[in-house]
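Taking it in order: structure first as structure tokens, then the write-up.
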Amino acid sequence: MSPSITTSSEANGNVSSATARAAASAAATAGAAGPQPVTMAKALNTAMVHAMQSDKSVLVFGEDVGKLGGVFRITDGLMATFGEQRCFDTPLAESGIVGMAVGMAINGMRPVVEMQFDAFAYPAFEQIVSHVAKMHNRTKGKVKLPMVIRVPYAGGIGGVEHHCDSSESYYAHTAGLKVYTPATAADAYRMLREAIDSDDPVMFMEPKKLYWSKDLVDLERLREDYEAKADRGTSMEGRAAVARSGTDATLIAYGPSVPAALAAAAAAAEEGRSLEVVDIRTIVPFDDETVAASVRKTGRAVVIAEAHGFASVSSEIVARVQERCFHYLAAPIRRVTGFDVPYPAPKLEHYYLPGVDRILDAVDDLQWED
Amino acid sequence: MTISADHTAPGTAQAQPGPEQAEDIYLPGAAAEAVRKFGITAEDYMLPARHQIQMVDQDGNLKHHSEQGTEPGHEYPLPGDHELLTAYAQLVIGRRVNDQNSALVRQGRMAVYPSSQGQEACQVAAALCLAEGDWMFPTYRDAVAVMARGVDPVQAMTIFRGDWHGGYDPLEHKVGIQCTPLTTQLLHAVGVAHAAKLRGEDTVVLAMCGDGATSEGDFHEALNFAAVFHLPVIFFVQNNQYAISVPLAHQSVAPSLAHKAVGYGMAGERVDGNDVVALLAVLDRAVKLAREGSGPLLVEAHTYRMQAHTNADDATRYRQDSEVALWTARDPLSRMRTYLAGRGLLDDDGEARIAEKAESVATQLRNGLGEDVPVDPQDLFRYVFSSPTPQLKEQAALLADELARDAAGAASTAEASE
Ligand SMILES: Cc1ncc(C[n+]2csc(CCOP(=O)(O)OP(=O)(O)O)c2C)c(N)n1
Ligand SMILES: [Mg+2]
């Protein structure tokens with residue numbers, strides 16, 4: 001077999017790929033086309049293309065990610081562009097995919113693996129919890145696992161049973177995992193690039209229902225910015241975004257619930273209420289500062305998440321805000337979350353998902369008349 | 001690649017190729033070669049030989065070639081004298097380590113020790129068959145194999161003293177941290193081999209597990225991945241008959257564990273796990289074939305766990321003394337001593353030198369594990385991520401403050417009582 005892969009990752013003491021990165025960046029500058037309507041799917045796909053161009057140790061594998069380009073087409077064209085050694089289909093075995101990725105990461109690669117659906121990632125849970133999350137700690141930092149596990153997650157696409165789960169809390173609850181979840185195309189590009197370059201393992205939770213939503217984005221420009229600032233001075237990790245400024249109350253959301261929060265804020269504005277929307281972006285590490293600053297300013301907060309509320313990321317956010325902002329609060333923090341039921345089938349999904357009306361009802365409840 | 005000349009079965013070289021040699025079925029290198037060379041079918045190559053491979057019997061006699069269990073396509077040359085002597089020394093050291101650790105557990109100086117007493121031949125062969133640069137992925141029972149790969153004995157026992165980390169640097173030694181979640185490490189072996197193959201390196205990876213562990217899903221996934229990606233991984237199963245209390249018959253009704261290999265399209269072999277000569281012969285050839293590009297192999301070693309699962313277990317609840325006695329007679333050390341002495345390779349002086357070396361390792365363990373290693377509470381936070389998150393920094397500060405106040409409190413109490 002001819003060794004087509006020669007560059008190793010930097011994580012476990014191997015050769016740097018900075019030169020390759022610089023060259024790729026220079027090549028990219030040429031054909032900049034300005035902002036275009038770009039889907040999150042395209043942004044994610046482009047992030048992988050650029051990462052694979054910049055660093056030969058980046059590999060992409062999973063189920064149907066090769067010729068088909070993934071069931072959501074996020075890996076479209078990667079096998080054709082980079083060859084079957086760098087993008088390939090594995091046998092159908094999620095534990096195998098993640099476990100093999102662990103071994104590859106130990107041995108100098110930066111694997112980016114795809115779980116086909118949120119609810120089909122569970123066979124990999126043991127590998128994720130017992131090894132992905134713990135390897136760095138149990139080897140005293142000697143072994144780093146620079147790997148990304150991409151999970152299409154959450155609802156809103158009318159998926160039949162086992163095709164929509166809000167599984168982020170399982171991963172966020174596991175110490176040693178970073179958990180990213182973008183809500184815009186531009187963030188998706190940047191955050192996936194950062195996840196791939198991170199020396200820590202990242203659970204990259206992709207809101208399925210946002211795959212086809214578009215933003216005006218200049219991907220080449222994003223690439224230049226990212227690669228020029230590879231020092232991470234402007235990292236999105238641990239940095240929430242204020243997606244809309246406001247003064248009366250803060251809506252805290254992440255991933256799939258950010259558009260609902262923005263829509264609610266727009267509707268509230270028409271009724272004369274100014275809502276700020278904070279997009280968490282990385283659940284782990286969590287940006288307490290941005291969230292607390294916003295709530296201290298507005299004095300009121302509603303946390304919005306698709307996942308069941310019980311023992312969830314949303315309960316964690318409420319606890320953290322309460323601990324930091326108690327004396328600034330004019331009302332108890334409210335939550336708008338999925339109900340504590342198994343993820344509903346398409347015919348019932350509509351009743352389950354947090355929508356604009358339910359969010360506005362919660363806002364109305366924030367003791368405005370006191 | 002070729003199956004080396006030294007593996008040729010006498011008298012079978014001219015056998016006619018079987019009908020399975022059809023051009024359109026894909027055969028891994030060694031299987032295709034065996035079909036061509038020995039005229040056996042691919043299935044016969046992948047299936048284990050009819051009997052386990054045994055070269056030195058339990059009384060220390062070298063068996064006649066015709067009685068070693070070898071067959072065409074399943075031929076194993078006798079390892080060289082130097083390798084056998086090295087193996088014997090490691091056997092003695094391994095036994096001494098097992099004894100020493102069991103004593104340290106009784107004295108409360110080790111938290112737990114899953115002893116490999118009785119399985120030392122497997123431990124030693126697993127380490128010696130590999131070349132520098134090859135990787136090993138061991139289990140909790142394989143501390144002796146880890147040491148035999150060159151890891152410092154005290155570091156190899158770090159987990160068992162109840163420390164929070166794995167002790168040694170896996171990248172330095174190319175030995176995974178001894179793994180407890182059963183068979184999860186087999187997939188890491190597959191990944192390490194896959195990465196090496198993509199870079200064009202000829203690294204071989206030996207992945208270890210027990211008989212009971214073969215029921216786990218990751219065993220299946222790892223063997224299948226290794227076969228499909230045609231990776232140089234040797235799956236080495238120490239069949240010591242029990243998984244804690246559960247005998248193998250409750251795990252599997254396959255004719256043998258080695259028979260599982262054919263279902264993945266790889267070759268399997270079973271070997272007397274208390275005969276280090278046969279183990280080295282089989283594993284050396286497996287490593288050679290894997291390195292030459294034949295893909296993965298499965299080797300099942302028949303052995304016995306002479307002691308309880310760990311010090312916390314009571315083996316008398318599930319097995320008879322008579323069964324244990326049967327295996328005492330099959331001891332891997334005594335048969336090797338008899339064999340080497342009979343061949344004039346080992347005399348009293350040699351024996352004494354080896355015993356001395358074993359004793360110095362035991363002393364190292366007693367001293368190393370007797371020492372109290374100071375713990376740094378801040379280590380709780382240091383290595384969770386490559387750099388601590390703001391939340392972990394906050395929690396680290398909280399603990400530091402709590403400890404500082406405790407210390408200040410203790411100091412003022414001491415002052416007051418002066
Ligand atoms: C996934 C998992 N399940 C259960 C256990 C608990 N456990 C530890 S060792 C063991 C028995 C394993 O037996 P075997 O594979 O035959 O290896 P041996 O201990 O005999 O060397 C069990 C059940 C574990 N470590 N991991
Ligand atoms: Mg066993």
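Observations
- Test result for B:GLY200, over 22 Å from B:THR86 (Cβ atoms), in a loop (DSSP other than H, G, I, E, B) and more than 8 Å from chain A (Cβ to nearest Cβ): no
Yes/no matrix, rows are residues, columns are (1) within 12 Å of ligand 2 (Cβ to nearest atom); (2) of a type outside the set (Phe, Trp, Tyr); (3) more than 14 Å from every other protein chain (Cβ to nearest Cβ):
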| residue | (1), (2), (3) |
| --- | --- |
| B:PHE225 | no, no, no |
| B:LEU231 | no, yes, no |
| B:LEU248 | yes, yes, yes |
| B:GLY263 | no, yes, no |
| B:GLY268 | no, yes, yes |
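- Residue match in the stretch B:388-401 (condition: surrounded by fewer than 11 Cβ atoms within 10 Å (Cβ to Cβ), modelled with pLDDT of 95 or more and within 14 Å of chain A (Cβ to nearest Cβ)): yes
- Verdict on A:ASP357 being out of contact with any His (no Cβ under 6 Å at 6 or more places or on another chain) and surrounded by fewer than 18 Cβ atoms within 10 Å (Cβ to Cβ): yes
- Residue in the stretch B:261-278 that is touching a Lys or Arg at 6+ places or on another chain (Cβ under 7 Å), of a type outside the set (A, V, I, L, M, F, W, C) and not in a loop (DSSP other than H, G, I, E, B) present: yes
- Candidate set from the stretch B:173-188 (those that are at the interface with chain A (Cβ under 9 Å from one of its Cβ atoms), open to solvent by 10 Å² or more (accessible area, probe 1.4 Å) and within 15 Å of the chain's Cα centre (by Cα)); member that is farthest from B:ASN224 (Cα to Cα): B:ILE177
- For the residues B:ALA281, B:ALA243, the requirement of being within 15 Å of ligand 1 (Cβ to nearest atom) and assigned by TED's automatic domain parsing to the domain that holds B:VAL92 singles out B:ALA243.
- For B:ALA254, the stated conditions hold: it is within 15 Å of ligand 1 (Cβ to nearest atom), outside any helix (DSSP H, G or I), assigned by TED's automatic domain parsing to the domain that holds B:LEU130 and open to solvent by 10 Å² or more (accessible area, probe 1.4 Å).
- Screening the candidates B:HIS188, B:HIS220 for the property of being within 16 Å of ligand 1 (Cβ to nearest atom), in contact with a strand residue (DSSP E or B) (Cβ under 9 Å, 6 or more places away or on another chain) and either without any contact (Cβ under 8 Å) to a residue 12 or more places away in the chain or not in a loop (DSSP other than H, G, I, E, B) (or both) yields one hit, B:HIS188.
- Check on A:ASP118, surrounded by 24 or more Cβ atoms within 10 Å (Cβ to Cβ), within 21 Å of A:GLU206 (Cβ to Cβ) and charged (D, E, K, R): yes
- Helices (runs of 4 or more DSSP H) contained entirely in the stretch A:25-139, each with at least 1 residues that are out of contact with any His (no Cβ under 9 Å at 6 or more places or on another chain) and away from every other protein chain (no Cβ under 14 Å): A:40-54, A:78-82
- Screening A:VAL302, A:VAL258 for residues that are within 17 Å of the chain's Cα centre (by Cα) and modelled with pLDDT of 95 or more leaves exactly one candidate, A:VAL258.
- For the stretch B:284-313, residues that are open to solvent by 10 Å² or more (accessible area, probe 1.4 Å), assigned to a loop (DSSP other than H, G, I, E, B) and within 15 Å of ligand 1 (Cβ to nearest atom) total 8.
The values are calculated or read from the model by the stated rules, or taken from the named source; none is laboratory data. From a predicted model like this one, the values you see are computed outputs, not experimental measurements. Cβ: placed from backbone, ideal geometry, glycine included. Neighbour counts: every protein chain shown. Quick note on the areas: whole protein, heavy atoms, side chains included, nothing else; ligands and nucleic acids left out. Shrake-Rupley method; radii C 1.70, N 1.55, O 1.52, S 1.80 Å.
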